[in-house]
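Please read the structure below before turning to the comments.
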Amino acid sequence: MDHTVVHFEIPADNPERAAEFYRELFGWDIKKYEGKVANDMDYWMVKTVPSDERGQPVRPGVNGGIMPRMFPGQAPVNYVAVEDVDEFVQKGEQLGAKVVMEKHPVPGMGWFAQLTDPEGNVFAVWQHDPAAGLAEQTATEASHAGR
């Protein structure tokens, strides 16, 4: 597997304004995501190139997202494809990385964790897995249905 950048995230104080800026500047296709993301955060999907039914680019390029800024000075984050998030988090820590966000599922898409490199730069590792988080999502929906 090539460990390439497969996704980016741009934090913004006003994500709708940022989406409009990038639409106008580059012609990117940006739409508010209708599904659930961590902490029910609003999220805008950014297509810089067309993608297939799995959301994978169909030609060279990287797609990403725009999200609300979570803290002052938050920088954009690049997501790097890996075979196993847990393995690469452990390896990163052995090399001096620090975990800033533990492994989380993106239901139906995959798993990610965010780390800082020894220089303090934030990056993320991404494991494609269409089954990610679906068991947890089904259990949560079942518990809510029983109320």
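Scanning the stretch 120-147 for residues that are in a loop (DSSP other than H, G, I, E, B) and at pLDDT 90 or above, we see that the one that is surrounded by the most Cβ atoms within 10 Å (Cβ to Cβ) is A132. Identify, please: which residue in the stretch 74-99 is charged (D, E, K, R) and not in a helix (DSSP H, G or I) and is, among those, nearest to P11 (Cα to Cα)? Per the criteria, the residue is K98.
Pairing each residue of the stretch 90-110 that is touching a residue at least 40 places away in the same chain (Cβ under 8 Å) with any residue that is assigned to a helix (DSSP H, G or I), provided the two are 6+ apart or on different chains, yields C-beta distances under 6 Å for H104/A38; P107/L134; P107/Q137. In the stretch 21-31, the residue that is nearest to M67 (Cα to Cα) out of those that are surrounded by 10 or more Cβ atoms within 10 Å (Cβ to Cβ) and among the hydrophobic types (A, V, I, L, M, F, W, C) is I30.
So which of E53, E34 is closer than 16 Å to G110 by Cα and either of a type in the set (D, E, K, R) or crowded, with 16+ Cβ neighbours inside 10 Å (or both)? Within the list E53, E34, the selection yields E53.
The values are calculated or read from the model by the stated rules, or taken from the named source; none is laboratory data. Fair warning: this is a prediction, and the values are worked out from it, not measured in the lab. Positions of Cβ are backbone-derived with ideal geometry, glycine not excepted, and every protein chain shown enters the neighbour counts.
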